[in-house]
């Protein structure tokens, strides 16, 4: 792979780190911050830290202060942000509730992300030996689905590798597999793999998914990761973390670490280990992007 191109959503995250349990109908104290977000944008930002070549990000933002700030932040972090501006829809926004144990719940409004169009991906970014990584949200949302499918088809025709992160177990249905059939690499977490296969075991779910795509990596959180091509199976352990601050973006960081390692010729075990290391970094700080000191 010569360069990694990420296609998908750019969001502004309104992060509420809760001091305790939610109190429905009343108040729950929290620390609130505004951070860059969106699975695709997060992955591109982590790739800027981990990959030897500058990653490109293709997406859509609104003609507003949030969109301009998001574009500037990504470019300052080393991302070649090819972001189209929608004059009508606002930049996507996500409310992120972070529990005291670091687990997050997201409430997204995609906004301008629904406006992503097929011609927003420049032909020059798709090259033989390059790689396209597509956020599953772009396939799950009706407004951006055509653009994401077109990007995958164009990449495969050009000899560009393709990976997809399913992104959201709650939004998945088995027919999602029809959208990604034949891609090179699928990157679900365990809950997403179970939702796609109705299996309750990581090995069986991964094996079933490998019948639809070239390779599968199932992200197992603190348990590490599992790779299979439908024949061989490789496992790696997770990287210990002293304190989980915020799990937002951990899967995006894992994808970035893994893809960056593959870019440099790593096999499944080394690539997954690199992904686990970057995911461990991600959960140790607030938000879904690399801390400022890493950029």
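Note on the chain: GNM, Cα springs under 10 Å; of 37, 129, 25, the largest mean-square fluctuation is that of 25. Shown here are the Rg and Dmax of the Cα trace of the stretch 85-173, at 15.1, 46 Å.
With both labels modelled 7 Å from their Cα along Cα-to-Cβ, the residue 204 to residue 53 distance reads 4.1 nm.
Per residue, how big is the convex hull of the stretch 1-95 when only Cα atoms are used? Give it in Å³.
Values: hull volume 11.3 nm³, N = 95.
Dividing the Cα hull volume of the stretch 1-95 by its residues yields 119 Å³.
Relative contact order of the chain: 18 percent, from C-alpha pairs under 8 Å at least 6 residues apart in sequence.
Between residue 239 and residue 63, the C-beta separation translates, for a Förster distance of 30 Å, into a calculated FRET efficiency of about 0.15. Reported to the nearest whole Å, the Cα centre-to-centre distance from the stretch 46-73 to the stretch 277-292 is 17. Among 199, 124, 192, 269, the ranking by other beta carbons within 10 Å of each residue's beta carbon, starting with the fewest, stands as 124, 269, 199, 192. Comparing mean-square fluctuations of 205, 225, 142 from a GNM of the chain with C-alpha springs under 10 Å, the top value falls on 142. Dividing the helix sum by the residues of the chain, where each DSSP H run of 4 or more adds -39500 (n - 2.57), gives a mean residue ellipticity at 222 nm of -10000 deg cm²/dmol. Beta bridges per DSSP, both residues in the chain: antiparallel share near 40 percent. Counting every alpha-carbon pair across the stretch 43-122, the share separated by more than 22 Å comes to 33%. Need the C-alpha centroid separation for the stretch 164-216 versus the stretch 78-95, integer Å. Using only Cα atoms to place each centre, the spacing works out to 28 Å.
Note on residue 21/residue 149: beta-carbon distance plugged into 1/(1 + (r/R0)^6) with R0 of 25 Å gives a FRET efficiency of 0.05. Over all directions, the projected convex hull of the C-alpha atoms in the chain averages 14.5 nm² in area.
Computed from the coordinates by the stated procedures, all read-outs in this text should not be read as laboratory data. In this text the structure is predicted, and so the values were computed from the model without any measurement. All Cβ positions, even for glycine, are placed from backbone atoms using ideal geometry, and neighbour counts span all protein chains on display.
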